[in-house]
Amino acid sequence: MPELPEVETIKEAMRNAIDGALIKSVRIRNRHLRQKIPDNFENIVCLSHVRRLYRIAKYAIMELDNGYCIIWHFGMSGKIKIEKESGFALEKHDHVVISTSKGILIYNDPRRFGLVSLIETTKINENPLFSNLGCDPFDKQFTSTYLINKLCHKHIPIKTALLDQSIVAGIGNIYASEALYEAHISPLRECCSITEKESKSLIEAIRITLKKAINAGGSTLHDYRQPDGNIGYFQLQHAVYGKEGETCPRCAKKHPCKIQRITQGGRSTYYCPHTQK
DNA sequence: AGTGAGGCCTGAAAGC
DNA sequence: TGCTTTCAGGCCTCAC
């Protein structure tokens, strides 16, 4: 489930593979993703060059030299595969195939929660996908003051707030749990109860957690050179996520206590009731 | 306005 | 064994 670190990894892999490439052909096998892929997608994209690749929140942006950007979002199950040469077999759920002078890009998404779209480069910031996004966790503007201002009037649990992309953009369900564990803050805490000091350590924890994950994702980049061509698939050594009933690593020595799973906003949250206050 | 619930979608896993 | 049900979650829409 691609959150910020996975998208960062996918973006880097795309950059390494096809930055500067000429797009030679586009084949769309299924237009019906979270949003319908625009009808003029192929016409606009073909014969342009990839000018640069970057990331906004959980979106990878592929800027072209014709005034447009291709927007990639991976929802829950979206993947990018890169093939060096034609002759490979397309798989189920390979929805978009872009052939370039440097390789072939394949977008695969079984659940179709992701999207592939096209936006004029000068109009990205006003596009509804991006106009309401909060700070990037690595942005200098993501300070304890910023976060406190976003949280201080809210009565929802802090865990739920971390999933709100208009507060901080890029965190998903896994890293919300992991970051709160790292910060020793209970996911049940009401936003407005978070102190300046806690806000500071939460920001620190978010950055540490995401950075670790990016580094781990980076290490899987090696795999994509292998014949299967898979990239961006990555597993983190989670401290709490998916570890219900296991002993909390922090408590292990002193007073063994179990990691709990609860549901917040219809999503699983994992935490240690003993060390997260 | 702020908040919560439901829906989209498929495949893996659990339940029967 | 083979079927049905449940669960996973990013993000949007709708209702209170």
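The values are calculated or read from the model by the stated rules, or taken from the named source; none is laboratory data. For clarity, every value in this text was computed on a predicted model and none was experimentally measured. With ideal geometry, Cβ positions are generated from the backbone for all residues, glycine too; neighbour counts draw on all protein chains shown.
Observations on the model:
- Selection status of residue A:26, in a helix (DSSP H, G or I) and either closer than 19 Å to residue A:108 by Cα or within 16 Å of DNA strand B (Cβ to nearest atom) (or both): no
- Per-region count, segment A:171-194, residues of a type in the set (Val, Ile, Thr) and within 16 Å of residue A:267 (Cα to Cα): 2
- Annotation note: Cβ proximity below 8 Å between a residue of segment A:90-111 that is at positive phi and away from DNA strand B (no atom under 14 Å from the Cβ) and a residue that is in a strand (DSSP E or B) and of a type outside the set (Ser, Thr, Tyr) (sequence gap 6+ or interchain) occurs for A:103/A:82; A:103/A:83.
- Residue in segment A:43-52 that is assigned to a loop (DSSP other than H, G, I, E, B), under 30 Å from residue A:162 (Cα atoms) and in contact with a strand residue (DSSP E or B) (Cβ under 6 Å, 6 or more places away or on another chain) present: no
- Matching residues in segment A:205-248 - criterion: being of a type in the set (A, V, I, L, M), farther than 23 Å from residue A:261 by Cα and at pLDDT below 55: A:221, A:231
- Residue, nearest to DNA strand B (Cβ to nearest atom), within segment A:33-54, restricted to residues that are within 21 Å of the chain's Cα centre (by Cα) and surrounded by fewer than 18 Cβ atoms within 10 Å (Cβ to Cβ): A:34
- Look at (1) closer than 29 Å to residue A:36 by Cα; (2) at pLDDT below 95; (3) within 13 Å of DNA strand B (Cβ to nearest atom) and you find that residue A:131 fails only one, number (3).
- Some residue of segment A:56-64 being surrounded by fewer than 16 Cβ atoms within 10 Å (Cβ to Cβ), on the phi < 0 side of the Ramachandran plot and either away from DNA strand B (no atom under 16 Å from the Cβ) or not hydrophobic (A, V, I, L, M, F, W, C) (or both): no
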